[in-house]
Amino acid sequence: MKNADEFQILGEGIYYWSVYEPSVKCEIGCAAFKLNGGLVVIDPVPLAESAWKELTADAPLRAILLTNGNHVRAAVELRKQYPVPVVTAPDTRRDIAELKPDAYLFPNELLYGIAAIPIPGATPGETAFFVPPGVMVLGDAIINTNLEVGLEFLPDKYCADSDQSRASLRKLLDYDFHTLIFAHGAPITTHAKEKLSALLNSNS
C-alpha cells in the first residue's frame, strides 16, 4: 500500500487520510484523533513522513485501534517505530495473523473516551468506534464509495450474516454523532446520523 501524501482536518482534533488501493478498486481510509494530548489512530494507512511529523508534532502517538482483522494495514510498521499498544475488540483478535493485539476494548470500557461497538454479522470481528463528542468510525459494515449512490451496506457475499449485520448496526443510532468515517469511502461530516438512519430504515 502506498503512502497518502497529506491528511484532511474534519474538525477540531479529527483527521482523515486515504489512498486508492487497486486490489479492492476503492479508497482505503484512516481516522486519527487528538485526545488528552495524544494521538489515537484507527485502521492506519501509511502517511508521508512530512505529514506524519506535522500530525504528531504536538500529540505523540498513544494507541492504534483496528475495526476488524482485515485492517492491520500500517499497524505493524507503526508498532515497530513506537512503543504503543494495538487495541481491538476481543472478537477481532482471532482474525489477525500479522500481529498480536496488545489490549482488548470491551463494550463497557473506554480508551481515551472511545467506545467499542461490536457489529456481529459483518466481517469477522467487525467493530465500530464512537469517539466523543460526535464521531462514529466504521470498518467494513457500511461503505461510501459511490457518491451518486451514497451509503451502502457491505455486499452480502462479504458478510458472515448480512441480516445480523444490519440489525447490529442499529445500535449505532443510540449514540449522538454528526460525522461518519469509513474504512472505504469519503467521510460524511453533516447529518451523518440521519443518513445512517435512512439507510437502516430502507432495509426494514
Taking the Cα centre as origin and putting +1 on Lys and Arg beta-carbons and -1 on Asp and Glu beta-carbons, what dipole magnitude results for the stretch 66-149, to the nearest 20 debye? 280
Directionally averaged shadow of the stretch 32-75, computed from the convex hull of its alpha-carbon atoms, nm²: 2.9
Just how large is the dipole of the chain about the Cα centre, in debye to the nearest 20, putting +1 at every Lys and Arg Cβ and -1 at every Asp and Glu Cβ? 300
Pick from Val137, Val24, Val40 the residue whose mean-square fluctuation is largest in a GNM of the chain, springs joining Cα atoms under 10 Å. Val24
Taking trypsin sites (Lys or Arg not before Pro) as exposed when in a DSSP loop with at most 14 other Cβ atoms inside 10 Å, the chain has its longest clean stretch at 26-204
Quick one: Cα centre-to-centre distance for the stretch 36-92 and the stretch 155-204, in angstrom? 24
Shape category assigned to the stretch 1-79 from the gyration tensor of Cα positions, a/c cut at 1.5: prolate
For the chain the mean separation of alpha carbon contacts under 8 Å (6+ apart) over residue count, i.e. relative contact order in percent, is 15
Choice from Thr56, Thr123, Thr92 showing the highest fluctuation, given a GNM over the chain with Cα pairs closer than 10 Å: Thr56
Treating only the Cβ atoms of Lys and Arg (+1) and Asp and Glu (-1) as charged, compute the dipole magnitude of the stretch 108-204 about its Cα centre; round to the nearest 20 debye. 100
Can you give the accessible area per residue of the stretch 40-197, in Å², using a 1.4 Å probe? 45
Among Val84, Thr127, Phe33, the residue whose Cα sits farthest towards the positive end of the charge dipole of the chain (+1 at Cβ of Lys and Arg, -1 at Cβ of Asp and Glu, taken about the Cα centre) is Val84
Roughly to the nearest percent, how much of the accessible area of the stretch 30-89 is carbon and sulfur, given a 1.4 Å probe? 50
Assuming a strict under-20 Å limit between Cα atoms, what lysine pair count do you get for the stretch 1-157 once near-sequence pairs (fewer than 8 apart, same chain) are dropped? 7
How high is the relative contact order of the stretch 134-204, in percent, counting Cα pairs under 8 Å that sit 6 or more residues apart? 39
Can you give the angle from 0 to 90° between the axis of helix 192-202 and the longest principal axis of the chain, with both taken from C-alpha atoms, to the nearest 10? 30
At a Förster distance of 35 Å, what's the computed FRET efficiency of Ser23 paired with Asn108, Cβ-Cβ distance as r, to 0.05? 0.45
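The values are calculated or read from the model by the stated rules, or taken from the named source; none is laboratory data. Just so it is clear, the model here is predicted, and its values are computed rather than measured. Every residue, glycine among them, receives a Cβ derived from its backbone with ideal geometry; neighbour counts consider all protein chains shown. Side chains included, ligands, DNA and RNA excluded: accessible areas come from the protein's heavy atoms. Shrake-Rupley method; radii C 1.70, N 1.55, O 1.52, S 1.80 Å.
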